[in-house]
Amino acid sequence: MLVVATFIIPVQVTIIPRYILLNNYGFIGSLNALFIPAALGQGFRSSIFILVFYNFFKTYPRSLDEAAAIDGASKLRVFVRIALPISVPAIIVSILFSFIWYWNETYTTSLFVGTDYMTMPIQLQSFVAEFERLFPADDGSPVNRINESLRMAGTLLAILPLLVLYLCTQKQFVESVETTGITGE
């Protein structure tokens, strides 16, 4: 229940304590405010990672641990040599989710990092606003027909890294969805 409760709590509720914590570590104003929590699995909606790993290891065969223990392997060696390699699909799903959430984040990025760095959605929104300022939609000029195609091209450029990342990790992602029970509904 605690994991589900942490998933339901919105980011805006925990933003002040998170800001104070990151400020105490000196991360405010740098990209470390985004990279460190993401790398440690403590980013946005981090409780989903707990659920992914819980469901994955529920299907983990305990006989592998027992066989390794009989062969004299320590618990650390069993984890590093057996459990960790088997859990690569769950790790890939966690990395994909984290990357996508940080890639599309606008609220906390501007708060923690400032205006020095902008995410692609913020850049795209800024581009569209500047284009509409230069060429207002109500003047009826033929340039406005180009506006929609420029938005679509910008959107494609914004999602292109996500598509490439997914295509590179598609096999592991599908494998993890099959083993962890994520249905996408």
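The values are calculated or read from the model by the stated rules, or taken from the named source; none is laboratory data. Given the structure is predicted, the values throughout are model-derived calculations rather than measurements. Neighbour counts are summed over all protein chains in view; Cβ atoms, including those assigned to glycine, are modelled from backbone coordinates with ideal geometry.
Within the range 51-82, being surrounded by fewer than 16 Cβ atoms within 10 Å (Cβ to Cβ), assigned to a helix (DSSP H, G or I) and not hydrophobic (A, V, I, L, M, F, W, C) holds for Y54, N55, K58, R62, S63, E66, K75, R77, R81. Among the residues of the range 37-48, at least one is aliphatic (A, V, I, L, M), surrounded by 16 or more Cβ atoms within 10 Å (Cβ to Cβ), out of contact with any Asp or Glu (no Cβ under 9 Å at 6 or more places or on another chain) and under 19 Å from M118 (Cα atoms). Checking each residue in the range 103-133 for being closer than 21 Å to A153 by Cα, outside any helix (DSSP H, G or I) and not β-branched (V, I, T) picks out E105, M118. Tell me the residue from I100, I48, I92 that is more than 23 Å from A158 (Cα to Cα) and either in contact (Cβ under 8 Å) with a residue 12 or more places away in the chain or part of a helix (DSSP H, G or I) (or both), please. None of the others qualify; the one that does is I48.
Under the condition of being surrounded by 13 or more Cβ atoms within 10 Å (Cβ to Cβ) and either at pLDDT 75 or above or β-branched (V, I, T) (or both), which residue from the range 162-173 is nearest to P85 (Cα to Cα)? Even if it seems obvious, please write down each step before you answer.
Our first condition is that a residue be surrounded by 13 or more Cβ atoms within 10 Å (Cβ to Cβ); within the range 162-173, this holds for 162, 165-166, 169, 172-173.
The next check asks that each one be either at pLDDT 75 or above or β-branched (V, I, T) (or both); those that pass are 162, 165-166, 169.
Details: L162: 24, L165: 20, Y166: 20, T169: 15 Å.
Per the criteria, the residue is T169.
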